[in-house]
1. Quick check: pseudo-label points 7 Å beyond the Cα along Cα→Cβ at Asp104 and Lys52, how many nm apart are they?
2. Evaluate Rg over Rh across the chain, taking Cα atoms for both radii and Kirkwood's formula for Rh.
3. Mean residue ellipticity at 222 nm from the helices of the chain, using -39,500 (n - 2.57) per DSSP H segment of n ≥ 4 over the full residue count, to the nearest 500 deg cm²/dmol?
4. Which of the GluC sites (Glu not before Pro) across the range 1-76 are loop residues per DSSP, with 11 or fewer other Cβ within 10 Å?
5. In debye, nearest 20: dipole of the range 1-144 around its Cα centre with unit charges on the Cβ of K, R (+) and D, E (-)?
6. Given Met39, Gly119, Val23, which one lies farthest toward the positive end of the charge dipole of the chain, if we put +1 on the Cβ of every Lys and Arg and -1 on the Cβ of every Asp and Glu?
Amino acid sequence: MTNFVETSKSRNAKRTYTAIADVAAFAEAVAAFAADSTMGLTRKEKSAETYKTTVNYFAANNDEKGYVSLYLADKTAYEEMASFLKGNEAAETAAGVGGSSSRDESEDTWSAKFSCSLGEDTFTVTITREYMLINGFEEDATLAAVEAWADKQTALGGESA
């Protein structure tokens with residue numbers, strides 16, 4: 001009989017912080033991670049990006065008539081579609097409401113995922129509006145490098161940018 005032989009010990013770490021206030025600050029944090037060279041990463045590729053918003057539609061008497069949830073793959077499309085649907089008379093007519101629409105931006109979610117390597121250690125880093133996650137790393141040095149970088153990012157709960 002052939003047995004399985006353990007080849008690695010994968011670890012995960014999560015850093016939570018106060019929700020990032022707006023999509024511009026989120027985009028700055030993602031761009032800072034993408035551009036950083038201080039962590040010593042030998043590979044860093046953005047593998048996914050998601051932006052979600054919801055526009056609620058109300059009848060003239062303020063009864064909620066429905067909503068549209070948008071999932072978009074980039075910041076520009078997110079901003080353009082959210083702006084188009086919020087307060088757009090044609091969109092309100094298409095929704096059959098004859099009233100108004102609104103959007104609670106505090107409920108929007110954003111995330112960016114990177115596939116990374118530090119030496120032989122391969123892992124993913126996900127940055128969201130409310131947390132940063134490191135998945136699948138093995139080495140303490142990996143966690144230390146990413147954490148040291150995050151400690152300098154105000155939007156990600158660090159002390160200063």
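1. Going from the Asp104 label point to the Lys52 one covers 1.5 nm.
2. 1.13
3. Details: 4 runs with 41 residues, N = 161.
After summing the helix terms and dividing by residue count, I get -7500 deg cm²/dmol.
4. On the way: sites: Glu6, Glu28, Glu45, Glu49, Glu64; in loops: Glu6.
Listed in order of number, the matching sites are Glu6.
5. 240 debye
6. It is Gly119.
Read-outs throughout are calculated quantities, based only on the coordinates presented, and are distinct from any laboratory measurement. These numbers were taken from a predicted model, which means no experiment stands behind them. Don't worry about glycine lacking a Cβ; one is built from the backbone with ideal geometry, like all the others, and counts go over all protein chains shown.
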